[in-house]
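Each remark here refers to the structure printed beneath this line.
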């Protein structure tokens, strides 16, 4: 007797996700799967809903409709405490870093750990030093404040904070924004190394096509509130989809027309 082949459960499964702000429809029935221990990059123009999509999964925004499953469990139907437990499994690297200016670097790195777990300051400092080293920063950097760091160093600290809880899922919001091409490549390399070391599932949103191909196993494009294409990230520059090709090559002419705000 031939045993049936079981289909793996996606780490993240999104179906029919909708979100509007007033009359503006931002997400219009998004369907998306992200498999365990894989990296997905979501591309799309400014205002296409990429950040809104991440914020809905994170629980920072409440969607108007649809399903968001983590390991087969619809988090939108869970009681608040259980929903927060599921979302505590997610680490986030915000676009601007979102570091706390009033805290030294080491306290920024372990802020989430200290908020959720009772740990001594000595133990927290040791943990912070470990994760700073994992992103290529010396423990002495922990005594500095965010304002004393370069943009690239701030990104590294933000990455250290994102991985400090060793999350199952990592989100990256425009990880190379504001960085020169070399530092962008360095940050991408650190992201890939950290994701592989943790065995995490990763979702990144970016406008940077070089970054998208370095970070992603798979890629998807969001346009007019829907996923219009999905495929291997290394095919992003030659998908055969007119809208995707226009976006990835930065062409003025094509099916995508920029909306003028009045």
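Just so you know, all these numbers are worked out from the coordinates, no wet-lab data involved. The structure displayed is predicted, hence computed values, not measured ones.
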Cα convex hull volume per residue for the range 100-229, in Å³, equals 125
For the range 27-177, take every pair of Cα atoms, bin their distances at 10 Å starting from 0, and report each bin as a whole percent. 10, 37, 33, 18, 3
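Among DSSP bridges having both ends in the chain, what percentage is antiparallel? Round to the nearest 5. Intermediate results must be reported in sequence, preceding the final value.
Values: 21 of 38 bridges.
Counting only bridges with both partners in the chain, antiparallel ones make up about 55 percent.
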Cα centroid separation - the range 119-171 against the range 16-64, whole Å: 28
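Please compute the Kirkwood hydrodynamic radius over the chain, one decimal place, Å, based on all pairs of different Cα atoms.
19.4
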In a Gaussian network model over the chain where Cα atoms closer than 10 Å are linked, find which of 161, 81, 15 has the largest mean-square fluctuation. 81
re the range 4-107: pairs of Cα atoms spaced beyond 21 Å account for a percent value of 43
Taking just the alpha-carbon atoms of the range 169-225, what radius of gyration and Dmax come out, in angstrom? 11.3, 35
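Can you give me the Kirkwood hydrodynamic radius for the range 80-145, using every pair of distinct Cα atoms, in Å to one decimal?
On the way: mean 1/r = 0.0772 Å⁻¹.
For the range 80-145, inverting the mean 1/r across all distinct Cα pairs yields 13.0 Å.
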Selected from 24, 155, 50 as most flexible by GNM, with the chain as the system and alpha-carbon contacts under 10 Å: 24
